[in-house]
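So the structure is just underneath, and the comments pick up after that.
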Amino acid sequence: MSEVKISAATRTEFGKGAARRIRRDNKVPGVLYGHGSEPLHLTLPGHELLLALRTPNVLIALDIDGKSNELAIPKAVQRDPLKGFLEHVDLLLVKRGETVQVEIPVQTEGELAPGGYLLEHVLAALPVEAEATHIPESVTVSVEGLEAGASVLAKDITLPKGTKLAVEEDAVVIQVLAAQAEEAPAEGAEGEGEAAAEA
């Protein structure tokens, strides 16, 4: 897992007006917290942060005011719902060798068995514990040949060395559903008619 170096500045102005001014300068307000320390309010470069956040659970090496260097991972990211730009970011302070709990994306490979089955991601991201500087970017699950009714449980997923599940082993991560038949609505209507007749 690579580290992304970002220069940040501490900020002393708070509130919506201050946040708007920061964003007008193509910067993003953020908060760094963790390890029992007081939350540190930061201003971060918008473009660099946006690029960094393309990697899930990216490890950010923060150069704060040119005086201190801290490691952090993104914990909460707020985006403008319409334009998608970053509005605010919460960063969690981490140390090398420390174990953290994060969620990693679940990707699939392979083709389902023929028959028009549907794949449902019950868990889009898998909760795991990993060393802060070795967080996997994602896990890949094979769905090759799976049919309706099949499911992949958390314990079925091969995790990278040093990574442990942070969810029940029997939690369903992916399941295969039968495609809904075209005549299903008509059957439902007949069923309702029969129910009405019985009533």
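The values are calculated or read from the model by the stated rules, or taken from the named source; none is laboratory data. Fair warning: this is a prediction, and the values are worked out from it, not measured in the lab. Note that each Cβ is placed from the backbone with ideal geometry, even for glycine, and that neighbours are counted across all protein chains shown. What goes into the accessible areas is simple: the full protein's heavy atoms, side chains included, and nothing from ligands, DNA or RNA. Shrake-Rupley method; radii C 1.70, N 1.55, O 1.52, S 1.80 Å.
Does residue 151 count as open to solvent by 20 Å² or more (accessible area, probe 1.4 Å), touching a strand residue (DSSP E or B) at 6+ places or on another chain (Cβ under 6 Å), touching a residue at least 40 places away in the same chain (Cβ under 8 Å) and more than 17 Å from residue 96 (Cβ to Cβ)?
No.
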Handout entry: Test: residue 82 is touching a residue at least 12 places away in the same chain (Cβ under 8 Å) and either assigned to a loop (DSSP other than H, G, I, E, B) or over 13 Å from residue 56 (Cα atoms) (or both)
Key = no
Fill in the blank from the handout: Among the residues of the range 115-130, the number that are more than 16 Å from residue 167 (Cβ to Cβ) and either in contact with a Pro (Cβ under 7 Å, 6 or more places away or on another chain) or at pLDDT 90 or above (or both) is 3
Exercise for the section: Could you please find all residues in the range 173-199 being modelled with pLDDT of 90 or more and either open to solvent by less than 50 Å² (accessible area, probe 1.4 Å) or part of a loop (DSSP other than H, G, I, E, B) (or both)? Expected result: 173, 174, 176
Practice task
Being within 22 Å of residue 103 (Cα to Cα) and surrounded by fewer than 17 Cβ atoms within 10 Å (Cβ to Cβ) is the filter here, so list the residues in the range 54-74 that pass it.
Solution key: 54, 55, 56, 61
Handout entry: Selection within the range 106-117 - open to solvent by 100 Å² or more (accessible area, probe 1.4 Å) and assigned to a loop (DSSP other than H, G, I, E, B)
Key = 111, 114
Completion exercise
Those residues of the range 75-93 which are among the charged types (D, E, K, R) and either under 16 Å from the mean Cα position of the chain (by Cα) or open to solvent by 70 Å² or more (accessible area, probe 1.4 Å) (or both) amount to 75, 79, 83, 90
Problem - Some residue of the range 89-105 being part of a loop (DSSP other than H, G, I, E, B), within 30 Å of residue 175 (Cα to Cα) and modelled with pLDDT of 85 or more - result: no
Problem - Residue list for the range 1-32, restricted to those being open to solvent by less than 80 Å² (accessible area, probe 1.4 Å), in contact with a Lys or Arg (Cβ under 8 Å, 6 or more places away or on another chain) and not small (Gly, Ala, Ser) - result: 22, 29
Practice task
State yes or no: is residue 86 on the phi < 0 side of the Ramachandran plot, modelled with pLDDT of 90 or more and among the hydrophobic types (A, V, I, L, M, F, W, C)?
Solution key: no
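Residue under question is residue 66, and the condition is that it be in contact (Cβ under 8 Å) with a residue 40 or more places away in the chain and not in a strand (DSSP E or B); does it hold?
Against the criterion (in contact (Cβ under 8 Å) with a residue 40 or more places away in the chain and not in a strand (DSSP E or B)), residue 66 qualifies.
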Exercise for the section: With respect to residue 158, determine if the residue is of a type in the set (Ser, Thr, Tyr), touching a Lys or Arg at 6+ places or on another chain (Cβ under 6 Å) and assigned to a loop (DSSP other than H, G, I, E, B). Expected result: no
Handout entry: Members of the range 33-60 found to be within 20 Å of the chain's Cα centre (by Cα) and within 20 Å of residue 130 (Cα to Cα), listed by number
Key = 33, 34, 52, 53, 54, 55, 56, 57, 58, 59, 60
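Going through the range 121-139 one residue at a time, which ones are in a strand (DSSP E or B) and either open to solvent by less than 70 Å² (accessible area, probe 1.4 Å) or under 30 Å from residue 35 (Cα atoms) (or both)?
Scanning the range 121-139 gives 125, 126, 127, 128, 129, 130, 131, 139.
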